[in-house]
Each structure stands twice: as structure tokens, then as C-alpha cells.
There are 2 protein chains.
Amino acid sequence: MKREKKAEVFREFIVREGLKSTRQREIILDFFLSSKRHMSVEELYRKLRARHPSIGYATVCRTLKLFAQSGIAHEMRFGDGQTRYEHIAEGEHHDHLVCTGCGTIAEFENKTIEELQASVADSHGFLIHSHKLELYGLCARCRK
Amino acid sequence: MKREKKAEVFREFIVREGLKSTRQREIILDFFLSSKRHMSVEELYRKLRARHPSIGYATVCRTLKLFAQSGIAHEMRFGDGQTRYEHIAEGEHHDHLVCTGCGTIAEFENKTIEELQASVADSHGFLIHSHKLELYGLCARCRK
DNA sequence: ATGTATTTTGATAATCATTCTCAATTAGGA
DNA sequence: TCCTAATTGAGAATGATTATCAAAATACAT
């Protein structure tokens with residue numbers, strides 16, 4: 001259900017913006033939505049290449065950017081030089097636990113932290129648009 | 001006091017690591033510690049260039065990295081492609097409010113948020129090494 | 001279905017901050 | 001002072017992303 005919904009949202013975005021629905025965009029959308037949540041451009045490109053060797057890297061980059069614009073994906077940079085995208089439904093938000101050992105990314109959500117963030121922003125007169133919270137360390141497996 | 005202490009920490013680091021104290025490193029250290037907290041490599045380089053035109057960009061990059069390694073500075077990337085460094089004393093930590101309008105960076109600290117982060121990490125079996133919390137939005141001035 | 005204006009694509013070049021290379025210079029201990 | 005290893009500056013290299021542009025594909029009106 002979720003997945004088809006996201007595809008729908010993207011297709012509506014395409015129409016609304018006067019863009020065109022193309023074979024490549026559909027293929028990338030399909031791969032993206034059926035992949036694990038956190039994919040780097042490079043990873044997705046390699047995966048795609050196996051089945052669709054003619055799709056160019058630039059197209060993958062462009063299309064992922066469109067996903068972000070349409071609201072079905074979120075662009076992330078963890079500081080390793082790679083841009084990652086995760087697919088999210090509107091309104092969803094979560095933060096990340098990044099393992100510096102194996103690169104695993106876990107997600108979490110904490111309502112109280114979000115509230116505290118809002119109040120911090122408030123006390124500084126800031127109008128928050130988005131936030132990023134990342135915890136770096138070793139996951140349970142890498143600690144051993 | 002703070003400033004001389006940081007310089008001292010860096011000089012000790014240089015000795016401890018078997019590195020050498022050079023004219024360039026002292027100059028950059030001096031500029032860095034007397035600058036505003038959040039400086040991009042480019043900004044610092046330009047500032048430096050006015051008085052010391054012979055110092056190369058690569059040297060500034062390398063030296064700032066050393067500051068980070070020595071513990072007197074912290075490397076930050078806010079996603080605009082620029083690497084920034086802020087000088088910090090050991091143990092100090094704070095998070096950032098980044099204005100997407102004018103680029104101003106404000107700092108804050110919130111003990112409760114830190115505690116909640118620790119408990120989140122704990123419940124996932126993570127051993128936290130560091131964290132990054134950034135709130136993006138419009139500052140009081142840009143809201144108007 | 002066909003034409004047409006517009007968008008999209010793929011390949012390649014360009015970008016841009018940072019890092020690397022390397023010969024020349026410099027620091028610091030013997 | 002001498003010697004060895006580290007450091008420097010200039011320019012080349014890197015690497016992910018973005019821009020360019022001719023060719024191909026799409027949407028829509030005819």
C-alpha cells in the first residue's frame with residue numbers, strides 16, 4: 001500500500017510540474033521504492049545497471065533529486081562524500097544512528113526530543129523548517 | 001585564558017605526534033583562534049592571504065585538519081559544500097541553528113536532549129561516540 | 001495516426017572543494 | 001653545523017555532482 005502510494009504521489013508531482021513520464025523515471029522509481037531505505041546514488045546506479053545498462057548516471061542523479069522535490073524521498077549527507085536518499089511518506093520523519101564501524105544506519109524517532117528542539121528554536125526566535133539529528137558510534141555488533 | 005590554553009593544547013599535540021612547529025602553523029593558529037567561531041576554509045584562507053600572501057591553500061586545509069585532530073577544533077559540514085571549523089575546548093559541545101536565509105549559525109546546548117539521545121542509543125545497543133544536531137530554518141531577522 | 005513544441009536522455013565536459021604529488025625548504029636533534 | 005624527516009606551495013588529481021548539448025522521446029493538438 002505504502003509503496004503504490006508513493007509512486008502515485010510522484011506521478012502526480014510529474015503532472016503538476018508539467019514534466020514528462022518516461023521509461024527511465026518509472027524504472028528508477030521502481031528500483032528505488034523496492035530498495036532498502038538508505039541508498040547512495042552510486043549504489044542505486046550499480047543496482048540499476050545490471051538490468052538496465054543504458055541508463056546514465058546523470059539521469060539517476062536527476063531523478064533522485066526529483067524524488068526529493070516531490071516529497072517521496074529525503075536527501076541525506078552523512079559526511080562521507082556520498083549523497084544518500086531514503087524514501088519516506090509525507091509527514092514521516094526520523095533520525096539516524098550511524099555506525100562508524102560497519103556503516104549501518106538505524107533509524108529512530110523520539111517525540112520528546114522533537115518537542116525540545118521546537119522549544120529551543122522558539123527561544124531563539126527561529127522558525128524551524130527541518131532538522132537533522134545523527135548519532136555516530138558503534139552498533140551492538142561492532143562493539144564486541 | 002581560553003585562547004592561550006587551546007594554543008597550548010595544539011602545541012602539545014604537535015610535540016606528542018612528532019610533528020614540527022612551523023611559522024605557518026603558528027600564523028594559522030593565531031588567525032583561527034582570534035576569528036569568529038565558525039569559519040570555512042575559504043574564509044580563513046582569504047583572511048590570511050591579506051597579511052600572509054605566501055601561505056598556500058593546501059597548507060590551510062592541512063593545518064585545520066590538524067586542529068581537529070588535536071581536539072581544539074571541530075569539523076562541520078552543513079551541506080553547502082563548504083567545510084567549516086569551529087574552535088572548541090575539550091569536552092565542550094553544542095548544537096547548531098542554521099538560518100537558511102542569511103547563513104547565520106547560532107549555537108545552543110540542551111542537557112535534556114543529550115540525555116534523551118543517550119537513552120535512545122542505549123536502547124539500540126549503540127555506543128555513541130559523537131552526535132550532530134542541526135535545526136534549519138529562518139532566524140528572527142529573516143522571518144520578517 | 002501525425003506533426004510539433006518541449007522535455008528528457010546519455011555521454012562527456014565542467015565544476016568545486018579538498019587532497020595528492022613532488023621538488024624545494026625548513027625544523028630540530030645529533 | 002649537519003643530517004634526516006617533516007613541511008610547504010604550486011599545480012595536478014580526485015571524486016561526486018551538475019551543466020552542456022545533440023539526439024531521442026513524450027504530450028498534446030490536429
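Assorted remarks:
- Taking the protein heavy atoms of segment B:1-124 in the context of the full set of protein chains, the accessible area attributed to carbon and sulfur is 49 percent at 1.4 Å.
- Exceeding the 28 Å Cα-Cα cut-off - candidates B:Lys65/B:Lys132; B:Lys20/B:Lys111; B:Lys2/B:Lys47; A:Lys36/B:Lys111; B:Lys36/B:Lys111; A:Lys36/A:Lys132: B:Lys20/B:Lys111; A:Lys36/B:Lys111
- Fraction of alpha-carbon pairs over 22 Å apart in chain A - percent: 49 percent
- Mean residue ellipticity (222 nm) of the protein assembly as shown, computed from DSSP H runs ≥ 4 via -39,500 (n - 2.57), nearest 500: -14500 deg cm²/dmol
- Overall Cα dimensions of segment B:95-143, principal axis frame, Å, largest first: 41, 15, 13
- Within a Gaussian network of chain A (alpha carbon springs, distance under 10 Å), most fluctuating of A:Gln69, A:Gln24, A:Gln117: A:Gln117
- Interface residues in segment B:130-144 - accessible area drops by 50 Å² or more relative to the isolated chain, probe 1.4 Å: B:Lys132, B:Leu135, B:Tyr136, B:Arg143
- Computed over chain B: relative contact order in percent, which uses C-alpha pairs under 8 Å that are six or more apart: 19 percent
- Loop exposure criterion: GluC sites (Glu not before Pro), DSSP state outside H, G, I, E and B, at most 13 other Cβ atoms within 10 Å. Applied to chain A, the longest stretch between such sites is A:18-89.
- Distance between the 7 Å Cα→Cβ label points at B:Glu8 and A:Arg11: 6.9 nm.
- Residues of segment B:80-127 buried by at least 40 Å² on assembly (accessible area, 1.4 Å probe, chain alone as reference): B:Leu97, B:Ile113, B:Leu116, B:Gln117, B:Val120, B:His124, B:Gly125, B:Phe126, B:Leu127
- For chain A, cysteines whose Cβ has no other cysteine Cβ within reach (under 4.7 Å): A:Cys61, A:Cys102, A:Cys142
- Selection of trypsin sites (Lys or Arg not before Pro), segment A:20-101, meeting DSSP coil and at most 10 other Cβ within 10 Å: A:Lys20, A:Lys36
- Chain A and chain B together bury an accessible surface of about 2900 square angstrom, both sides counted, with a 1.4 Å probe and no ligands or nucleic acids included.
- In the full protein context, the protein assembly as shown carries 56 Å² of accessible surface per residue, based on a 1.4 Å probe and ignoring ligands, DNA and RNA.
- Percentage of interatomic Cα-Cα distances in segment B:2-87 larger than 23 Å: 15 percent
- Using a Gaussian network model of chain B in which every pair of alpha carbons under 10 angstrom is joined by a spring, one finds that among B:Gly81, B:Gly71, B:Gly56 the greatest mean-square fluctuation is at B:Gly81.
- Residue-by-residue Karplus 3J(HN,Hα) for segment A:128-135, coefficients 6.51, -1.76, 1.60, Hz, glycine and proline x: 6, 10, 7, 8, 9, 10, 10, 10
- When the Cα gyration tensor is reduced to axis lengths a ≥ b ≥ c, the ratio a/c is 1.5 or higher for the protein assembly as shown, and with a/b above b/c it is classed as prolate.
- Near A:His94: Cβ cut-off under 13 Å, other residues only, Lys/Arg at +1 and Asp/Glu at -1. The net charge is -4.
- Most fluctuating residue given options B:Val98, B:Val41, B:Val15, as computed from a GNM of chain B linking Cα atoms under 10 Å: B:Val15
- B:Phe78 long-range amide H proximity, modeled H, under 5 Å: B:Arg84
The values are calculated or read from the model by the stated rules, or taken from the named source; none is laboratory data. Because the structure is predicted, anything quoted here is derived from the model rather than measured. No Cβ is skipped: glycine too gets one built from the backbone with ideal geometry, and neighbour counts run over all protein chains shown. Heads up: the accessible areas ignore ligands, DNA and RNA and are worked out on the full protein's heavy atoms, side chains in. Shrake-Rupley method; radii C 1.70, N 1.55, O 1.52, S 1.80 Å.
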